[in-house]
Amino acid sequence: MSVLLHISDTHFGTEQAPVMAALLDLAAQQQPDLVVLSGDITQRARPAQFQAARAFVDRLGAPVLAIPGNHDIPLLDLRERLARPYARYAAAFGTDLEPVIAAPEWLVIGANTTRAWRHRNGDLSIAQIDRVARLLSSADPGQLRVVVVHQPLAVTEPRDRHHLLRGHDEALRVWAEAGADLLLGGHIHLPYTLALHGQARRLWVVQAGTAVSSRLRPGVPNSVNIVRWAPAQERCRVERWDFLVREQTFARTLATTLQPDREPVGA
Ligand SMILES: [Fe+2]
Ligand SMILES: [Fe+2]
């Protein structure tokens, strides 16, 4: 069994110390093999915020695959934003904005969906969609195939439609055909696991809420996801863990069992 901890939208600068402590406890208890951080790592892309975020994720006890979110590009410093939009991000999280982690059980592919000139909306180019598809096509049957973006590829509420990643239709079609299993994202601070019907193969959008930030949607607590994958059983479990304010701890509030499609790609 492999364990992936999916966190998002930490928005360092608005982090909450008790929630961070509870998340460190959860990670120590669950011993993830990999941490995925799907963007909006900081609130204002300040160097000190990136440093605090880096120090925090380094304590989660597993390798971290991170991608930038729209908040990780300077907003008000226009010269920095247009000339060197990812310099501050790169100083803490590395220059690779589209990292890939491959292990016998996982193939996890990051895509940078932020655009410096368009601060909020996310975008996927045809070249990015094709790159991810090529990588997906090279996966082994035992690998869970995971793509990580920031803005959502599918939403559950009409009011979130304007947050949809530009290029989502094409990405879903191409990545389903190429064998994607899970599409992880954040941005709207609303956790859900959504089966996508009508594509060539079964795949799911898995959204994480905000892990530790006080920027909560009304009625939606801090949350993270834990993905467990047992290749031999061809079963994957996506668990949502919410922060309970009274108990000051994360607790599992929802678990969904998924059966990834293991028909050969192109069959
Ligand atoms: Fe966010
Ligand atoms: Fe965002």
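Observations, loosely collected:
- In a DSSP loop and with at most 12 other Cβ atoms within 10 Å, the trypsin sites (Lys or Arg not before Pro) in the stretch 204-263 are Arg246.
- Ranked by how many other beta carbons lie within 10 Å on average, peptides 93-106, 164-177 from highest: 164-177, 93-106
- The GNM of the chain, with springs linking C-alpha atoms under 10 angstrom apart, assigns the highest mean-square fluctuation among Leu65, Leu107, Leu244 to Leu244.
- Among His189, Trp204, Ala176 the positive-end extreme of the charge dipole of the stretch 93-212 (Cβ point charges): His189
- Rounded to 0.05, the FRET efficiency of the Ala21 and Asp58 pair, given R0 = 22 Å and the Cβ-Cβ distance, is 0.90.
- Rounded to the nearest 20, the size of the Cβ-charge dipole of the chain about its Cα centre is 580 debye, with Lys and Arg at +1 and Asp and Glu at -1.
- Proximal charge balance of Cys236 [Cβ under 12 Å; K/R count +1, D/E count -1]: +1
- Look at the dipole of the stretch 2-258 built from charges on Cβ: of Val132, Ser8, Ala251, the Cα furthest out on the positive end belongs to Ser8.
- Calculated FRET value between Asp130 and Glu263, using beta carbons and R₀ = 25 Å, to 0.05: 0.65
- Three semi-axes describe the equivalent ellipsoid of the chain; taken as square roots of 5 times the Cα gyration tensor eigenvalues and ordered largest first, they are 26, 22, 17 Å.
- Top positive-direction residue, dipole computed over the chain with Cβ charges, set Pro260, Asn70, Pro141: Asn70
Read the figures in this text as sums done on the coordinates, not as results from a lab. Computed from a predicted structure; not experimentally measured. Cβ coordinates were reconstructed from backbone atoms using ideal geometry, including for glycine residues, and neighbour counts include every protein chain displayed.
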